[in-house]
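K.L.:
Have a look at this one before I ask anything.
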Amino acid sequence: MQAVRRLGGWTVSAVVIFLAGYPSNRLSAQDYRAQALRILKTVPLIDGHNDIPDAIWERGGLDSVDFAVPQPKLMTDIPRLRRGAVGGQFWAAYVPVTTMDSGPHPAVYALEQIDLIKRLCAKYPRDLAMAYRAADVERNFAAGKVSCLIGIEGGHAIENSLGALRMFAALGVRYVTLTHWRSLAWATASTDTARRGLSAFGRQVVLEMNRLGVLVDLSHVNDATMSDALHTTRAPVIFSHSSARALTHHARDVPDSILKLVPANGGIVMVNFNPGFVSEAVRLYEDSVEARGHALRAAGADSTTVADSTKAWAARAPKATLQQVADHVDHLRAVAGVDHVGIGSDFDGITEVPVGLEDVSKFPDLIAELLRRGWSEQDVKKVAGLNILRVLRRAEQVAAELKTASR
């Protein structure tokens, strides 16, 4: 008869039987991704910012790109939206700041982008459907379609006109990014070293957006404008594509001092995937490349030499990673709370991507990473889409209340 070893009063066989009754917490990457995909069948993953409209525009327009088949030179197409379990997408009606100086008027450029978004959605009705309210997103999700929501990137699109803002709202625009890279007379951009924030007219714009149910987007603005908007608005704000400045010291990211104001407002910060916004090493390297280019030009180098040198330096750049993006999500949860975090990829508006987040098919891998880190299913549902749906609903409620009060 074999001897039976004992461990603190337990037999080895008893320990084995006891442990067998408990599932292992060390799941594989495939297991976490499968769990993420299962979760995303129950809640729409909603991305706060994607620049595919302008990317399509630059390639000759809607008839030049078949969105229903893989587009290897782009980061977005319908097959990859499906693989990425995307339930809703804010398409950016991006308006270049150069339109403030020449070419089409900013408002005209925005109208053409909105037109492209609506025609894109109508061209692929089996997969895409327009959405203007939170209920529309939920209805489309139940029908198995990706919701198309519209956000204008650049407040210069309204051309200092509340009437233009009202017309954009009537067309279905659901957020306006107050500035892009250049400051306006009424709002200061993140690239501006001035400490001013919103002007009196800027506050009017914010309050009119509240009345219209249009979300105030504070990505691209400076800290003073962020603060002024948060202290002016009556509805939740969003940062449609920004990350945490505590981790990457980029002016486009949100400092903790502002993050701490977001819970009282009820808003949301949607993490950007731009490598220079999520990796401090990448940010510093990009700054060094830019400085080298300036030095070469100052030394009299011709444009070809500068371009070749910059390209060579860029090729040696460090890479951002999916894990660093998840670090930003973790930080936003720690400072602002899990109810105030979302995803705003900036796909097709960025030229480089984090390793592991190369295109829209990779969203489940980010959700899987959060699960691997111990996030609960309910919390990842909030980040995926429930938080931004709540923000949309509250903005709709505030708009209804303000319109009733003004009668």
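The values are calculated or read from the model by the stated rules, or taken from the named source; none is laboratory data. Predicted model, so just to flag it, every value in this text is computed and none were measured. A quick note on method: Cβ atoms are made from the backbone with ideal geometry, for glycine too, and the neighbour counts reach across all protein chains shown. For accessibility, only protein heavy atoms count, side chains too; no ligands or nucleic acids. Shrake-Rupley method; radii C 1.70, N 1.55, O 1.52, S 1.80 Å.
K.L.:
Can you tell me which condition L37 does not meet? The list is (1) under 19 Å from L120 (Cβ atoms); (2) of a type outside the set (K, R); (3) assigned to a helix (DSSP H, G or I), and all the others hold.
P.N.:
(1)
K.L.:
A follow-up question, please. Please report, ordered by residue number, the helices (runs of 4 or more DSSP H) entirely within region 217-270 with at least 3 residues that are touching a His at 6+ places or on another chain (Cβ under 9 Å). It would help to see each step written out before you state the result.
P.N.:
Working: elements: 223-232, 256-259, 262-265.
Correct list: 262-265.
K.L.:
Now a separate question. For region 229-248, name all the residues that are over 20 Å from L392 (Cβ atoms) and surrounded by 23 or more Cβ atoms within 10 Å (Cβ to Cβ).
P.N.:
Filtering region 229-248 down to residues over 20 Å from L392 (Cβ atoms) leaves 231, 243-248.
If the condition is that a residue be over 20 Å from L392 (Cβ atoms) and surrounded by 23 or more Cβ atoms within 10 Å (Cβ to Cβ), then S243, A244, T248 are the ones that fit.
K.L.:
While we're on this one: Out of the residues in region 177-209 that are among the aliphatic types (A, V, I, L, M) and touching a Phe, Trp or Tyr at 6+ places or on another chain (Cβ under 7 Å), which is nearest to S242 (Cα to Cα)? Reasoning before the result, please.
P.N.:
Of the residues in region 177-209, the ones among the aliphatic types (A, V, I, L, M) are 178, 184-185, 187, 189, 194, 198, 200, 205-207, 209.
Then keep just the ones that are touching a Phe, Trp or Tyr at 6+ places or on another chain (Cβ under 7 Å); that gives 189, 198, 205.
Details: A189: 14, L198: 19, V205: 21 Å.
Here the answer is A189.
K.L.:
Of the residues A224, A200, A251, A281, which is open to solvent by 10 Å² or more (accessible area, probe 1.4 Å), touching a Lys or Arg at 6+ places or on another chain (Cβ under 6 Å) and of a type in the set (G, A, S)?
P.N.:
Numbers: A200 fails: touching a Lys or Arg at 6+ places or on another chain (Cβ under 6 Å); A251 fails: touching a Lys or Arg at 6+ places or on another chain (Cβ under 6 Å); A281 fails: touching a Lys or Arg at 6+ places or on another chain (Cβ under 6 Å).
Every option except A224 fails the conditions.
K.L.:
Okay, moving on. Give region 314-337 a look and list any residue that's within 16 Å of the chain's Cα centre (by Cα), surrounded by fewer than 21 Cβ atoms within 10 Å (Cβ to Cβ) and either of a type in the set (A, V, I, L, M, F, W, C) or on the phi > 0 side of the Ramachandran plot (or both), or say none.
P.N.:
Residue satisfying the conditions is L322 alone.
K.L.:
Within the set of pairs 6 or more residues apart or between chains, which connect a residue that is among the aliphatic types (A, V, I, L, M) inside region 140-151 to a residue that is assigned to a loop (DSSP other than H, G, I, E, B) with Cβ atoms less than 7 Å apart?
P.N.:
Qualifying pairs under 7 Å: V146/D127; L149/A131; I150/G172.
K.L.:
Evaluate the following for A164: is it in contact (Cβ under 8 Å) with a residue 12 or more places away in the chain, over 23 Å from the mean Cα position of the chain (by Cα) and either in a helix (DSSP H, G or I) or under 28 Å from A251 (Cα atoms) (or both)? Write out each step before concluding.
P.N.:
On the way: in contact (Cβ under 8 Å) with a residue 12 or more places away in the chain: yes; over 23 Å from the mean Cα position of the chain (by Cα): yes; either in a helix (DSSP H, G or I) or under 28 Å from A251 (Cα atoms) (or both): yes.
Yes.
K.L.:
Next up: What number of residues in region 244-291 are charged (D, E, K, R), without any contact (Cβ under 8 Å) to a residue 12 or more places away in the chain and over 17 Å from T225 (Cβ atoms)? Spell out the reasoning first.
P.N.:
If we filter region 244-291 for residues that are charged (D, E, K, R), which is where we start, we get 245, 252-253, 256, 260, 280, 283, 286-287, 290.
When the remaining residues are screened for being without any contact (Cβ under 8 Å) to a residue 12 or more places away in the chain, the result is 245, 287, 290.
Filter again for over 17 Å from T225 (Cβ atoms), leaving 287, 290.
Looking only at that region, the number is 2.
K.L.:
Confirm whether A169 is part of a helix (DSSP H, G or I) and either of a type in the set (D, E, K, R) or crowded, with 24+ Cβ neighbours inside 10 Å (or both).
P.N.:
On the way: part of a helix (DSSP H, G or I): yes; either of a type in the set (D, E, K, R) or crowded, with 24+ Cβ neighbours inside 10 Å (or both): no.
No; evaluated as a whole, the condition is false for this residue.
Okay, residues lined up against (1) among the hydroxyl-bearing types (S, T, Y); (2) closer than 26 Å to R33 by Cα:
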{"site": "W91", "(1), (2)": "no, yes"}
{"site": "V95", "(1), (2)": "no, no"}
{"site": "T98", "(1), (2)": "yes, no"}
{"site": "E112", "(1), (2)": "no, no"}
{"site": "K118", "(1), (2)": "no, no"}
{"site": "F141", "(1), (2)": "no, yes"}
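K.L.:
Okay, next question. Run down E159, E153 and say which single residue is over 23 Å from the mean Cα position of the chain (by Cα) and modelled with pLDDT of 95 or more. Break it down into steps so the answer makes sense when it comes.
P.N.:
Values: E153 fails: over 23 Å from the mean Cα position of the chain (by Cα).
Only one candidate qualifies: E159.
K.L.:
Anything in region 30-51 that is within 19 Å of L386 (Cα to Cα), touching a residue at least 12 places away in the same chain (Cβ under 8 Å) and open to solvent by 50 Å² or more (accessible area, probe 1.4 Å)? List them, or say none.
P.N.:
L37, K41, T42
K.L.:
Can you tell me which residue in region 211-221 is surrounded by the fewest Cβ atoms within 10 Å (Cβ to Cβ), limited to those that are under 21 Å from the mean Cα position of the chain (by Cα) and of a type outside the set (D, E, K, R)? Spell out the reasoning first.
P.N.:
Looking only at region 211-221, we keep the residues that are under 21 Å from the mean Cα position of the chain (by Cα), and these are 213-221.
Now restrict to residues that are of a type outside the set (D, E, K, R): 213-216, 218-221.
On the way: G213: 21, V214: 25, L215: 30, V216: 27, L218: 31, S219: 29, H220: 25, V221: 32.
Result: G213.
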